[in-house]
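Contents: one structure, followed by commentary.
The values are calculated or read from the model by the stated rules, or taken from the named source; none is laboratory data. It should be emphasised that the depicted structure is a prediction, and the values quoted were computed from it without experimental measurement. Every residue, glycine as well, gets a Cβ built from its backbone with ideal geometry; the counts of neighbours run over all protein chains shown. For accessibility, only protein heavy atoms count, side chains too; no ligands or nucleic acids. Shrake-Rupley method; radii C 1.70, N 1.55, O 1.52, S 1.80 Å.
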Amino acid sequence: MRLTRFNALFFSIFVSLYATGENILSDLKKEGFKLEYEKSEVESKKLRDSWINPINMSYIKSKSDQYGLNQENDTFRISVDQPIFKSGGIYFAIKYAEAARQFSHLSVKEQERRLIKEAINILINIKKADLQIEKQKLLIKNAKLDVIRKKEQYLSGFLDSGFLDQAIINKNAQEIALIGLLSQKEELLKSFKNISDADPYKLKIPKFSLIEEESFLSKNITLSKLDEDIKQKNYFKKMTVARYLPSFSLTGSYVEQKTKGSFFLPPGKESYKEYGFKITMPLFDINSFRNIESTKLDYLKAKISLKDSARAEKNLYFATVKKLKLIDRKIELSDEDFRLYDRLLKETREQFNAGEKTEYDVMTIKNSRDIKEIDKKIYLLEKQIELLNLYEKMEK
C-alpha cells in the first residue's frame, strides 16, 4: 500500500512537472524539439529500410560509324538486385534501426528535460531572489534603526563616534547588497525570457518530494538511453558479422532495345526479361576481423558506460539525500531562532509598555524574527532545487 501511494504521488508530481514544462518553454523551443523528434523518426525509417535496394532505370542511346555504317542503338533497362537473406543481417538491421530510434528519441527527450529543468530552476531562483530581497530590506531597516540608536547614544555621550561610523558603514553595505540582489534578479529574468514566453509570476511551480532510489534508477532517462545504446551496438556488431557470411539475392531486369544499321544485327526492336538469383560471400577481406573486433569493443564499452553511469546516478541520489538532510537541519535551526525571537518580541513589547525598552528595540526584534521566517522559506526553496536535480533525470 505504501508503494502504491508513493507511485500515485510520484505520478501526480511528474504530471505537474511535465505540464509546467509544456507551458514553460517558448514556442520556438517547443517547435525545435518537435522537429528533432520528427528528424529522429525519419532517420530511423531510413535505417530500417536501408536493406531494400533501389530499382534502377537506365537509357543509353549510341551512334557509331564503324565499318562505314551509320549504326544506332537505343537501350532502355529496368533492373533490381535485391538481397532477401544476409545470414541474419536484414533482421539485425531492422532491430538496430529500432534501437537507434529509441536512443535518438531519448537523447532529444534528455535535452528537452534539461531545458525544462533549467527553466524551472530559474523560476525557483526568481522566487528565492524575491525572498532574499525581502530579507535584505528587513536587514536594512534594522541597520537604519541601529544608526538612529547609535546616533542618539553618541549625541548623549554614551558612545564613541567609532560605533556610529561602524553602524553607518554597515547600513551602506546592506543597501549595496540589496542593489546586488536586484541585479541578480534581473539576470534571472533575462535568462528566463531566453527560454520561455510565459510570465514567471503566473506559472505554478510544482512541489517535489523525494523519489525512492529504486524508482529513480529504474525510470532514469540517462540509464535508459545508455541501455538502448548497448542494444544498438550489439545489433550493429551482429550486422557487421553478417557482412562476411553468405548472402542470397533475387535479380531481375527488363530490357527494350532498338537497333538500326548494325553490321551484325538486322534492324528492328526487341524486348526481353532476365531474372534469377545469386549467392555471394566475401572470400577474403583483410579488415574483416578488425571490423568485427572494433564493433565488439564498442559494445563492451557501452556496457561499461552504463555501469559507470548507474554508479554516478546512485552517487547523485545519495548526495542529494545528504544535502536535503543538511537543509532540513538549517530549517530546524531557523525554526528554533524564530521561536526565540518570537519570545523576545513578546518580552520586549512588555518592557516597552513598561517604559524599559524603546520602539526601536521592538521593531529590531520583530524584523529579526521575520528574517528567520524568510530564511525558512528560502531553505524550503533550496530543497526544491535539490529535488529538481533528481526529477530532471526521470522519464515521462
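Overview of values
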| read-out | value |
| --- | --- |
| Odd one out for Lys273 among (1) open to solvent by less than 60 Å² (accessible area, probe 1.4 Å); (2) in contact with a strand residue (DSSP E or B) (Cβ under 7 Å, 6 or more places away or on another chain); (3) of a type in the set (D, E, K, R) | (1) |
| Unique match (being surrounded by fewer than 17 Cβ atoms within 10 Å (Cβ to Cβ) and either more than 20 Å from Leu139 (Cα to Cα) or of a type outside the set (Asp, Glu) (or both)) among Glu347, Glu336, Glu359 | Glu347 |
| Residue check for Asn73: closer than 30 Å to Lys269 by Cβ and not hydrophobic (A, V, I, L, M, F, W, C) | yes |
| Any hit, segment 242-249, residues being within 31 Å of the chain's Cα centre (by Cα), assigned to a loop (DSSP other than H, G, I, E, B) and either free of Cβ contacts under 8 Å to residues at least 24 places away in the same chain or surrounded by fewer than 19 Cβ atoms within 10 Å (Cβ to Cβ) (or both) | no |
| Residues of segment 198-225 satisfying the condition of being assigned to a loop (DSSP other than H, G, I, E, B), within 27 Å of Ser104 (Cα to Cα) and not aliphatic (A, V, I, L, M) | Lys219 |
| Unique match (being at pLDDT 95 or above, of a type in the set (Phe, Trp, Tyr), touching a Lys or Arg at 6+ places or on another chain (Cβ under 7 Å) and in a helix (DSSP H, G or I)) among Tyr341, Tyr360 | Tyr341 |
| Whichever residue in segment 83-135 is touching a strand residue (DSSP E or B) at 6+ places or on another chain (Cβ under 9 Å) and of a type outside the set (Val, Ile, Thr) and, among such residues, is nearest to Ile371 (Cα to Cα) | Arg113 |
| Of all residues making up segment 182-202, the number that are over 11 Å from Ile126 (Cα atoms) and buried (at least 16 other Cβ atoms within 10 Å of the Cβ) | 3 |
